[in-house]
Each structure stands twice: as structure tokens, then as C-alpha cells.
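The values are calculated or read from the model by the stated rules, or taken from the named source; none is laboratory data. A quick note: this is a predicted structure, and the numbers were derived from the prediction, not measured. Cβ sites come from the backbone with ideal geometry, for glycine too, and all protein chains shown count toward neighbours.
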Amino acid sequence: MKTLILFLIATTLHAQQTPQFGLDTKNTKLIGIGESVHGSKDYNRLRFDLLRYFVEHKGTRLVMWEMSDTRLLEAYLKGEHNDVIKAMHQNDWRGKTEQNKKIFQWMRAFNDAHPLDPIVLKSVDPQCPWYEYQKLKDILREIIPDIAQSTLQALHDNCFGASHKDFITFAFSDEMKDWMKNGLPPEKHQRCMDALDSLENLKLDEVRGLKAYQLKSFYINTDTRYALSVRDRVMALRIQDALKLKYDNRPAIYFAHNLHLAKTGGKSFQPEHPWYQVDLTGGILAEVYQDEYKTISLSGYEVEGVFKGAFPKSNHPDSIEKKLLDNGMKNLTLISNQEPWLKEREWYFHDEVLNGRKLDAVNDFNYYFVFPKAYADIHIKEESCNPHLSK
């Protein structure tokens with residue numbers, strides 16, 4: 001432990017200066033910034049500081065996020081409207097927190113001040129079939145209007161979630177309730193796949209996204225590893241497509257759960273775990289970009305998320321979090337994977353307290369920020385978005 005360097009980092013969101021982080025990002029194309037659970041206030045505060053650091057000191061302008069439908073957020077960042085709350089509520093639960101609101105407001109203020117060099121936000125998660133369908137509808141009506149209507153009708157009537165307006169209406173729909181209870185009807189699934197297969201030669205990302213969500217939803221209970229792989233493969237392809245844009249070799253950022261960023265692609269998980277040997281996004285990106293892909297994990301010993309509540313303590317003997325706590329960790333700690341003591345044995349970060357799901361401390365991430373405790377963020381609620389709460 002004598003070689004361990006501790007960095008006490010102020011994560012006050014209203015600080016006048018951006019914190020300076022001891023992170024080596026030379027020759028880096030993509031920086032994955034992960035979190036062990038969605039919706040931690042402490043994680044989100046640090047994520048904000050990291051974002052500011054990379055934007056202001058490294059020139060980052062492309063920010064990708066494990067979110068689904070960001071149309072209104074993207075429009076908000078472009079100055080096309082001023083309602084950040086409405087923009088956040090178009091998306092799913094992961095982004096609807098007070099700290100994330102501050103992040104989006106800061107990004108908007110930055111763009112207002114830098115109109116010729118703005119931050120670009122892109123969602124990469126194919127879990128918004130309503131959005132994929134609406135985009136596909138506009139494209140097909142323009143390029144193949146003679147067959148568009150029948151194909152679109154087949155997609156609308158048979159693809160899971162395609163007929164809804166947004167996440168909220170979909171989440172509280174009878175269709176969602178039926179899926180959670182019974183799965184997807186095989187006949188409708190096949191009709192959806194047939195319609196999507198008929199569009200395969202168009203090579204459209206919207207077809208790819210709609211198909212990924214359909215397959216994931218259909219197979220999630222019968223072939224979980226395949227279902228999870230379908231989603232992560234599409235996220236990896238969308239990130240690669242986004243990185244083809246010209247940003248003068250400035251590093252891009254990808255915010256996601258730690259599992260989607262791990263460079264080994266889940267190979268360190270135990271065979272009985274459903275994520276074992278899934279084609280995780282991070283494993284694919286590591287193969288494509290190699291050392292140009294850097295990863296930063298946000299982890300903790302006692303962590304609360306806004307969605308699932310508090311996770312119990314990790315007390316596994318090979319848990320880095322426990323080792324640090326036993327050695328007096330009281331503050332946020334930054335660890336490089338080059339620390340000699342890490343290589344003395346197989347150390348693991350326990351991403352969540354689930355049997356067999358552990359991250360390789362040397363090979364999955366370049367850096368780990370470890371919290372003794374991390375508390376849940378405040379979930380932003382808007383009753384009008386929930387039809388079951390409307391009077």
C-alpha cells in the first residue's frame with residue numbers, strides 16, 4: 001500500500017476552476033467514463049468535473065451517453081428551446097437527476113459561449129423503438145414511398161414499442177405489462193423481423209437499432225447472453241460511426257455503466273453469470289482502438305443509486321474497495337492500473353454485489369475513482385409525464 005497515491009479531489013459543482021486530474025490521455029481517441037450504478041449523486045458530481053476537465057483542457061467536443069432518446073436534449077444544447085426538464089423527461093430514468101440537469105445546463109451555457117465549436121451530444125443505446133421507428137418513417141417515405149406505407153404499418157403493428165410516442169407512454173403501456181408477464185408473442189416478433197429484414201439492404205442505423213431492441217426483448221429470458229450482446233454490439237457500432245466525424249483528434253467521451261466499458265468484455269466474470277462472455281461494448285472498442293481507448297471507472301464500497309436503491313457492502317477478500325477501506329480510505333481515491341501492488345495478485349473491483357460479476361483491476365480500466373460511500377442523486381419527477389398520475 002506504500003506505493004498507492006491518493007488524490008483528494010474537490011467535486012464541488014460550483015467551483016471557480018476546473019479540477020486538475022492526474023490522467024494520462026495522450027494519443028487517446030475515446031475515453032470511457034463508467035459508473036458501478038446509475039444515479040449516484042457523488043458519481044454524477046465527479047462526472048461533471050471530469051466532463052469540464054476534458055472539454056476545457058483537452059478540447060473534447062463529442063459526448064456520447066448510454067441513453068436512448070435524446071432528441072430534445074440535443075435540441076436544447078443547440079439552443080432550439082430552453083426547457084431542460086422537458087428534454088430530460090423524453091429520455092428514460094437514467095438521466096433524470098438533479099446533478100445531470102446541472103451537467104446539461106453547463107453544456108448549454110458552454111455552447112452558447114462557443115457557437116462555432118459546440119459540444120455535440122449523441123445517444124448510442126438502442127432501447128428506444130419509438131424513436132427509431134419515427135426516424136425510419138421519415139427516411140422511408142422520402143426514399144421508397146411506393147412501398148413505405150405497408151412496411152411501416154408492419155413495423156408499427158408488430159415491433160415491440162414502435163407504436164408509442166415516447167419512453168413514458170411506452171413504460172406505462174399495456175404492451176409493456178404484457179411483455180413483462182408473458183414475453184413477446186412469437187407471431188408478432190416474426191412479422192416485425194420480416195419487415196426489418198426487407199430493409200436490410202438499405203444499411204440504415206435506424207433499422208439496426210430497431211432490430212437490436214426487438215431481438216433483445218424477445219430473447220432476454222431464453223438466451224440472455226445473446227440478447228445482451230445484440231444491444232452492446234449496436235452501441236459499439238454507433239460509437240465507431242460517431243468517431244468518424246472530424247474533431248481534430250480531440251478525445252471523445254462515452255458515459256456508460258462500468259460493464260459496458262470493461263476492456264476485457266466481461267471475460268473476468270464467472271461462467272454462471274449471465275454477462276459472462278457477452279460481446280460487451282468495451283471489449284469491442286478495445287479491439288478496434290487498442291491503446292487509443294482509455295477507460296475510467298467510478299466505483300465504491302457502499303453505493304446508492306437513484307433507481308435500485310442501496311447496494312449492500314462488498315466484503316469479498318479480493319475486493320479493492322474493501323482493501324482500501326481496511327487501509328483507512330476516507331476520501332475519494334484515484335488508482336492507476338499501473339500500481340505495482342495491483343499486479344502482485346488478481347485483484348478485482350466488485351462492480352455490484354452480484355455473485356461472479358467482477359472487474360479485472362489491471363486489464364478492464366486505466367483508472368479507478370473509488371468512493372468510501374456514494375449517495376443517491378435526487379430523481380427529477382414531473383407528474384404530467386406519467387399518465388397514471390395525471391388527474
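Residues of region 140-169 that are assigned to a helix (DSSP H, G or I), farther than 19 Å from D194 by Cβ and of a type outside the set (S, T, N, Q): R141, E142, I143, P145, F167, I168.
Within the span defined as region 42-51, every residue fails to be surrounded by fewer than 16 Cβ atoms within 10 Å (Cβ to Cβ) and modelled with pLDDT of 95 or more.
In region 110-130, what residues are assigned to a loop (DSSP other than H, G, I, E, B), of a type outside the set (D, E) and surrounded by fewer than 18 Cβ atoms within 10 Å (Cβ to Cβ)? Matches in region 110-130: H114, P115, L116, P118. Just one of (1) surrounded by 14 or more Cβ atoms within 10 Å (Cβ to Cβ); (2) modelled with pLDDT of 80 or more; (3) not basic (K, R) fails for Y301. It is (2).
Condition check for H164 on (1) surrounded by 15 or more Cβ atoms within 10 Å (Cβ to Cβ); (2) at pLDDT 95 or above: one failure, at (2). Restricting to region 177-204, give me the number of residues that are without any contact (Cβ under 8 Å) to a residue 12 or more places away in the chain and under 23 Å from the mean Cα position of the chain (by Cα). Total meeting the criteria: 1.
Comparison of V207, V234, V230 shows that the only residue that is of a type in the set (V, I, T), modelled with pLDDT of 90 or more, part of a helix (DSSP H, G or I) and more than 17 Å from the chain's Cα centre (by Cα) is V207. The residues of region 76-95 that are over 23 Å from G282 (Cβ atoms) and at pLDDT below 95, listed by number, are D83, V84, I85, K86, A87, M88, H89, Q90.
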